[in-house]
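Since the structure comes first, as structure tokens, the remarks are kept for the end.
The values are calculated or read from the model by the stated rules, or taken from the named source; none is laboratory data. Note that the coordinates shown come from a computational prediction; the quantities given were computed from them, not determined experimentally. Every residue, glycine as well, gets a Cβ built from its backbone with ideal geometry; the counts of neighbours run over all protein chains shown. With ligands, DNA and RNA removed, areas are computed over all heavy atoms of the protein, side chains included. Shrake-Rupley method; radii C 1.70, N 1.55, O 1.52, S 1.80 Å.
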Amino acid sequence: VPGQTNLGRKDNSYFNIVQYTVDFGGTAEFELTPTITSKTSAGVQYFRNIISGTDAWGIDIVNGAKSIGASAENFSDEFTTEDKTLGTFIEQQFGINDNLFVTGAIRADDNSAFGRDFDAVIYPKLSLSWLLSEEDYFPEIGFLDQFRIRGAWGKSGLQPGSDDAIRTLAAEAITNPDDETISGVSSGSVGNTLLEPEKSSEIELGFDADMFDGRVGLDVTYYDKNTTDALVNAPLAPSLGASTSRWVNIGEVNNKGWEAAINATLMDTDAVAWDATVSGSINDNELIDLGGNPPIGSQTRFIEDYPLGGQWGRPINSFNDANGNGIIEPDELVVADELEYIGPGLPTQEASFTSSVTLFDRVRLYGLLDYKGDYYSY
């Protein structure tokens, strides 16, 4: 409570988290011919998460007391959130000569966070992995142990928050003109019965190489991911008399870039084992479509043809120490009238270096350096 915590305050919060998981599946493998193998997997998954809690706090606590009950004013709040997911999948893989693998799969998910007017969502995928170095025509390269190329296409989703689709009301205690307390309600979230998950379609192409008798590994991947029905917390007009925003599926976002990692075993003896990994990525993010809606946000903004959540501001055009006191004061600044794009709000470049040293198979020392760059944070 602003201005009252100096009188002494105590908070007590209790949370209870319950998770139920059911995972049932099976796999069947066959040799269709001496050179072709088949592997079929199918299953059903069920997840249920319940989070409940109670918050209590009191202010103006009696001197020497430690209990919330000994406070002049005390408050409490209680909440419960729950979500359920039911999914089923089937996957089929064919192997040819034990070096070419083709996999196809499909998954269906239904989630309690979806709007009541939206049904289950379908996610297909297709992938190929080819161990080229096992082919007779692949050239012999002294330091190269294995070389694999791979490609994949698939769809995935991001579900809304557990209560984003629900219209809510809040109970209120109201004092009438006769100084009587009666029960009432106020409008909370307006919800969205059509709310559905974000759906992403992604293509990945890359290769893996093992070198120097397995001491060095190199992975390189190019990806292009397009997300439709992106979840955006869109503002609502104050005249509605409800929440100031609601979650809607109105956006289309594209992410594409490169990822690479190289790992190496630098030392491997009975006394010391030392390995290191260097990885990095670059990403180009663009908000393609906002579904005809106006730009969202003020400083962190969602505007078509710019990065998602880009940073915007009114730059300082000029300044002048008019009173000569050596301090630039607000009325001595000339600020642009319009917001201008400053830069992306999420990192477009990332890199990391990890290294671990194991001594006598009993002690392990690990270190990490992490870099994120080419973005702006307020």
Quick one: count up the residues across segment 350-378 that are under 17 Å from ALA260 (Cβ atoms) and either touching a residue at least 60 places away in the same chain (Cβ under 8 Å) or in contact with a helix residue (DSSP H, G or I) (Cβ under 8 Å, 6 or more places away or on another chain) (or both). 5
Scan segment 244-264 residue by residue and report those that are at pLDDT 95 or above and among the acidic types (Asp, Glu). GLU259
Mind checking whether some residue in segment 47-54 is out of contact with any His (no Cβ under 8 Å at 6 or more places or on another chain) and exposed (fewer than 13 other Cβ atoms within 10 Å of the Cβ)? no
Residues located in segment 243-292, provided they are surrounded by 15 or more Cβ atoms within 10 Å (Cβ to Cβ), of a type in the set (A, V, I, L, M) and over 25 Å from PHE143 (Cα atoms): VAL248, ILE250, VAL253, ILE282, LEU287, ILE288, LEU290
Can you tell me which residue within segment 77-124, out of those that are closer than 23 Å to PHE30 by Cα and among the polar types (S, T, N, Q), is nearest to the chain's Cα centre (by Cα)? THR88
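Results for (1) surrounded by fewer than 14 Cβ atoms within 10 Å (Cβ to Cβ); (2) aliphatic (A, V, I, L, M); (3) at pLDDT 90 or above, shown as yes or no for each residue.
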| site | (1), (2), (3) |
| --- | --- |
| GLY64 | yes, no, no |
| ASP83 | no, no, no |
| ASN99 | no, no, yes |
| GLY115 | no, no, no |
| LYS125 | no, no, yes |
| LEU132 | no, yes, yes |
| LEU144 | no, yes, yes |
Every pair of residues 6+ apart whose Cβ atoms lie under 6 Å, when the first sits in segment 300-312 and is among the acidic types (Asp, Glu) while the second is open to solvent by less than 60 Å² (accessible area, probe 1.4 Å) and at pLDDT 90 or above: GLU304/LEU287
I need a count of the residues in segment 150-174 that are without any contact (Cβ under 8 Å) to a residue 60 or more places away in the chain, within 27 Å of VAL253 (Cβ to Cβ) and open to solvent by less than 80 Å² (accessible area, probe 1.4 Å). 6
Within segment 315-328, does at least one residue satisfy the condition of being among the hydroxyl-bearing types (Ser, Thr, Tyr) and out of contact with any Lys or Arg (no Cβ under 9 Å at 6 or more places or on another chain)? yes
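Going through segment 175-223 one residue at a time, which ones are assigned to a loop (DSSP other than H, G, I, E, B) and open to solvent by 80 Å² or more (accessible area, probe 1.4 Å)? First the steps, then the outcome.
Keep residues of segment 175-223 that are assigned to a loop (DSSP other than H, G, I, E, B), which gives 176-180, 188-197, 212-215.
Correct list: PRO177, ASP178, ASP179, GLU180, LEU194, PHE212, ASP213, ARG215.
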Pairs needed: first member in segment 186-197, at pLDDT 80 or above; second member anywhere, polar (S, T, N, Q) and open to solvent by less than 40 Å² (accessible area, probe 1.4 Å); C-beta distance under 6 Å; at least 6 residues apart or different chains. GLU196/ASN249
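Would you confirm whether any residue within segment 335-350 is assigned to a strand (DSSP E or B), at pLDDT 95 or above and either open to solvent by 40 Å² or more (accessible area, probe 1.4 Å) or farther than 25 Å from GLU202 by Cα (or both)? If you could, list the steps in order and put the result at the bottom.
Step one: filter segment 335-350 for residues assigned to a strand (DSSP E or B), giving 335, 340-343, 349-350.
Then keep just the ones that are at pLDDT 95 or above; that gives 349-350.
Pick out the ones that are also either open to solvent by 40 Å² or more (accessible area, probe 1.4 Å) or farther than 25 Å from GLU202 by Cα (or both) and you get 349-350.
Yes - at least one qualifying residue is present in segment 335-350.
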